[in-house]
1. On the given criteria, is residue 126 touching a helix residue (DSSP H, G or I) at 6+ places or on another chain (Cβ under 7 Å) and over 20 Å from residue 35 (Cβ atoms)?
2. May I ask you to say which residue of 165, 186, 175 is under 24 Å from residue 231 (Cβ atoms) and buried (at least 16 other Cβ atoms within 10 Å of the Cβ)?
3. Can you pull out every residue in region 5-22 that is at pLDDT 85 or above and over 34 Å from the mean Cα position of the chain (by Cα)?
4. So residue 216 passes all but one of these: (1) surrounded by 18 or more Cβ atoms within 10 Å (Cβ to Cβ); (2) touching a residue at least 60 places away in the same chain (Cβ under 8 Å). Which condition number does it fail?
5. Kindly check whether there is at least one residue in region 144-154 that is over 18 Å from residue 178 (Cβ atoms) and surrounded by fewer than 18 Cβ atoms within 10 Å (Cβ to Cβ).
6. Please work out if residue 228 is buried (at least 17 other Cβ atoms within 10 Å of the Cβ), under 18 Å from residue 277 (Cα atoms) and either in contact (Cβ under 8 Å) with a residue 12 or more places away in the chain or assigned by TED's automatic domain parsing to the domain that holds residue 108 (or both).
């Protein structure tokens, strides 16, 4: 007779892993399982696992790491809560335990949610109601679940259109790029490649997708290429700036003596690195403010307002650059004097 919702000691040989376990591998969990095994040796099992009766044996609903640790320690049996449940409930338990403990990577989350959606919620009826019920059952927010489901759809669309490397994007990035994949695969491919190759940071990628979506139908690919080019230039400038700062640190520290002086120089150079990063970001943003930006406006009136604002911005920038050139010699002189002070 099988007891239900009562704790029993069950032989490990009678227990099978969860067939719906979303984790594809436990390779990265060995340290945690070893630590759990040590805890079992000292204190025993503090929390029973949960299993369901199945075909004369049992299947794990929750607690697979505890089960693996118990086997590693050499236990022959383990305390378990036995509960009758159908396949749908077993699938829910398996993903709830992993998602809320952050044990799954992005791909595993998408695969697990896709299986649950296609098997239990998306097969009939109103999709929106199915999403709401699935979010409630899994303890996920509606926007979070929707993001993952959109990401799954984006991967399918990309596969049909021959757009590769989408598996390197986060669920959020896939969610945002999905409409662009549907409207203009070439523009989407350009930006995805830029993201994967590091030309665009995550926020830059999201902004670039939105800008490409807002551009006119025939201009989306050109907008995407220009934005990626700007991102590439910004990346190169940033890398170059970092190399120069690193070289400056080394050269100056080689000339200086005393930890106090070195620390003072580091503070100065870290501050300058932050300022340099701001200048590089400004340059990258300015690269994007070309005609493709104006083409994204849908009305003449708003486009004219944008031109007026850009003209005012250009005037301010001209004044800033003039001041920068006039101050350059003064800055160089002050820096040389500062170095002399540090050498004394």
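1. On the way: touching a helix residue (DSSP H, G or I) at 6+ places or on another chain (Cβ under 7 Å): no; over 20 Å from residue 35 (Cβ atoms): yes.
Criteria not met by residue 126.
2. Numbers: 165 fails: buried (at least 16 other Cβ atoms within 10 Å of the Cβ); 186 fails: buried (at least 16 other Cβ atoms within 10 Å of the Cβ).
Every option except 175 fails the conditions.
3. 8, 9, 10, 11, 12, 13, 14, 15
4. (1)
5. Looking through region 144-154, none of the residues is over 18 Å from residue 178 (Cβ atoms) and surrounded by fewer than 18 Cβ atoms within 10 Å (Cβ to Cβ).
6. Considered against the rule, which asks whether it is buried (at least 17 other Cβ atoms within 10 Å of the Cβ), under 18 Å from residue 277 (Cα atoms) and either in contact (Cβ under 8 Å) with a residue 12 or more places away in the chain or assigned by TED's automatic domain parsing to the domain that holds residue 108 (or both), residue 228 comes out as no.
The values are calculated or read from the model by the stated rules, or taken from the named source; none is laboratory data. For clarity, every value in this text was computed on a predicted model and none was experimentally measured. So basically every Cβ, Gly included, is an ideal-geometry build from the backbone, and we count neighbours across all protein chains shown.
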